[in-house]
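Engineer: Here it is, the structure in full.
The values are calculated or read from the model by the stated rules, or taken from the named source; none is laboratory data. It should be emphasised that the depicted structure is a prediction, and the values quoted were computed from it without experimental measurement. Note that each Cβ is placed from the backbone with ideal geometry, even for glycine, and that neighbours are counted across all protein chains shown.
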Amino acid sequence: MSRTVIAGLDGSRESFAAAEWAAHEAKLRGASLKLVNVWESVPLVQAPFLSAENEQQWAEQLPREAGEELRKAHPELDITVEQLTGRPADVLPELSKDAELLVLGSSGLGGFTGFLVGSVGQAVVSRAEGPVVLVRALTATEGTEAGAADQEVQGDPQGPIVLGLDANEPDDALIRFAYDAAQRHGLPLKVVHSWNLPPYFAYGLPPDPQLNAELGRIEAETLTEVLDAWRSTYPSVEVLEQAAPGKAVEQLVEASRGASLVVVGQRMRRAPFGGRIGSVAHAVLHHATAPVAVIPHQ
């Protein structure tokens, strides 16, 4: 794996925010930054205002101008630009194989030009073999424009790193990524583990508070035991444990408020028509109010 962070650019505010976030991350990692635009010819019926020649010229100019702007803002960072041809949903997952991190902008809206938590964004996340971070830009004042070095990112840069973890099926790659991020940024790591209470209603039984409390104790101890194995490796990282019954998505979305980054796992699945995103990761990508890192694992 190369020491490179890749940021995808499509001309949207969200992709510029992703590029700026990626620049800061690359500096912390001691890595280089590559800005990539994947040019896919758009049928004229979708973009009648662009000729094919003008469209390609714009696609080539986009990463070059963004690179110049980011070099001025981050002169100590090694920044390269690349313009590729093909379908973003095919090209970007391939790029993730050789990158430390692939960073994309996400607006959560539709359209043909965005790396979105829609068709393109979901395809990339579901097929990527390396970590992918999706970044949203703060809402800009209407009528204003900003470049790659001017966009602010949703989330609190001083907030904790939030890790969504199933303590009963922990994955080392997921845990290591979150600990590394917390140590690199000098931030606390908040680990969120949730579980479901017994479905008393299905058996026509009243809730059993004593049983619920015992289950809570067992789940909390399970989480602590999993994290104990990592404390000696990352002694400087402050760890906040949250083990509570309920839906994982709701707890992670709530924890994302005031977080600097939310980390979730994505089990690599290969279906006949490509990969798919797990339900928790999918919902967190749509609703979290901080950047979301999706870590593929077996």
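Engineer: Could you look through the stretch 148-162, keep only residues that are at pLDDT 75 or above and surrounded by fewer than 17 Cβ atoms within 10 Å (Cβ to Cβ), and pick out the one that is nearest to ALA73 (Cα to Cα)?
Structural biologist: GLU152
Engineer: Now a separate question. Which residue is farthest from the chain's Cα centre (by Cα), if the candidates are limited to the stretch 234-251 and must be of a type in the set (S, T, N, Q) and surrounded by 11 or more Cβ atoms within 10 Å (Cβ to Cβ)?
Structural biologist: Ranking the candidates gives GLN242 first.
Engineer: May I pose another question? Looking at the stretch 57-80 only, could you name the residues that are of a type in the set (A, V, I, L, M, F, W, C) and crowded, with 20+ Cβ neighbours inside 10 Å?
Structural biologist: Within the stretch 57-80, ALA59, LEU62, ALA66, LEU70, ILE79 qualify.
Engineer: Kindly indicate whether any position in the stretch 205-214 is farther than 22 Å from HIS24 by Cβ and either surrounded by 14 or more Cβ atoms within 10 Å (Cβ to Cβ) or among the polar types (S, T, N, Q) (or both).
Structural biologist: Yes; the residues of the stretch 205-214 include at least one that is farther than 22 Å from HIS24 by Cβ and either surrounded by 14 or more Cβ atoms within 10 Å (Cβ to Cβ) or among the polar types (S, T, N, Q) (or both).
Engineer: What's the total number of residues in the stretch 10-36 that are modelled with pLDDT under 90 and either in contact with a Cys (Cβ under 6 Å, 6 or more places away or on another chain) or not charged (D, E, K, R) (or both)?
Structural biologist: 3
To keep it simple, each residue is scored yes or no on (1) assigned by TED's automatic domain parsing to the domain that holds ALA31; (2) more than 25 Å from the chain's Cα centre (by Cα); (3) assigned to a strand (DSSP E or B); (4) modelled with pLDDT under 95.
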{"residue": "LEU174", "(1), (2), (3), (4)": "no, no, no, no"}
{"residue": "ASP180", "(1), (2), (3), (4)": "no, no, no, no"}
{"residue": "HIS193", "(1), (2), (3), (4)": "no, no, yes, no"}
{"residue": "GLU221", "(1), (2), (3), (4)": "no, yes, no, no"}
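Engineer: Here are some conditions: (1) at pLDDT 95 or above; (2) over 21 Å from ASN196 (Cα atoms). LEU285 meets all but one. Which one does it not meet?
Structural biologist: Condition (1) is where LEU285 drops out.
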